[in-house]
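Each value in this text was obtained by applying a stated rule to the coordinates, not by laboratory testing. The structure displayed is predicted, hence computed values, not measured ones. Ideal geometry is used to build each Cβ from the backbone, glycine not excepted, and the neighbour counts take in all protein chains shown.
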């Protein structure tokens, strides 16, 4: 039998444990609960070869591994969140065995219980603001080119003028985007109880048009959830060239920082 | 990922979430506990390294834009870089 480790997904209250029959974890093994006092952790067995520290470092650089693991982790969180208040743990939180998980729960029971209490009947919404920002490349066509220059003459000056127009168009687009972000913040007031800012999304995985200028998460009481979503979807109405994307409801992934070791660093808080 | 589908036995009621939104939450959110084996996974630098290949390509450019227009903007990382000037 290969050596097994213990992958931990989330902490939940132990008083009304969710039914985890048939739920499988990141390596396909059944998810079970380990409890200690008022709290419990959802765990599953994972093989040492795939989840040792060295293997995890390799895995986190491998997009396929990362996606499979992240989606499996998320699936467990979603299942739990459908039944109870859930405190998600960061991806790839691995213990040697169940006894170590139980020890961790015992040491932090009060923290977990307090945070679970705060998260009860709250959901997380993602709010992303996108701007249609004109490209910065000098060779890119401009929407409103300056008056044409005398042919052949002052080519350098024409180039600089074109660049100025492009720069102006970009700055205008970013100002409108900034206003859109302000409006989402205003609309969130009175509904959301907390906000976390994630980094704007860029690069190969950001597969939607426009530039992401704000990538925020809000913690919202469940009863205000639909109103929050509706308000956000209309927050940028009337602003040209901006779009607000709303994702969720999520389990409160972005609002777990108060149990982070070294609170100054804060998980996901900026 | 197909590998995932084989052990996802949830009812297919919801559209799949975007991976990038999920990674925002699973790599910079989620409670950071000190697991037995993976102390450094909780370290933000490793998270950055992990995502270099997929997420960071255009980030420097974006940071410059925020730095120019929004000196206190949320995306500001303090990174210095060349301005948006013709070369």
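Numbers below:
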quantity: Least to most buried among A:3, A:194 (fewest other Cβ within 10 Å first); calculated: A:3, A:194
quantity: More than 19 Å apart - percent of Cα-Cα pairs taken over the range A:4-120; calculated: 42
quantity: Two-decimal ratio, the range A:166-265, of alpha-carbon radius of gyration to 2.2 N^0.38 Å; calculated: 1.19
quantity: Compactness of chain A as Cα Rg over 2.2 N^0.38 Å, two decimals; calculated: 1.29
quantity: Exposure proxy ranking, count of Cβ atoms within 10 Å, fewest first, for A:189, A:106; calculated: A:189, A:106
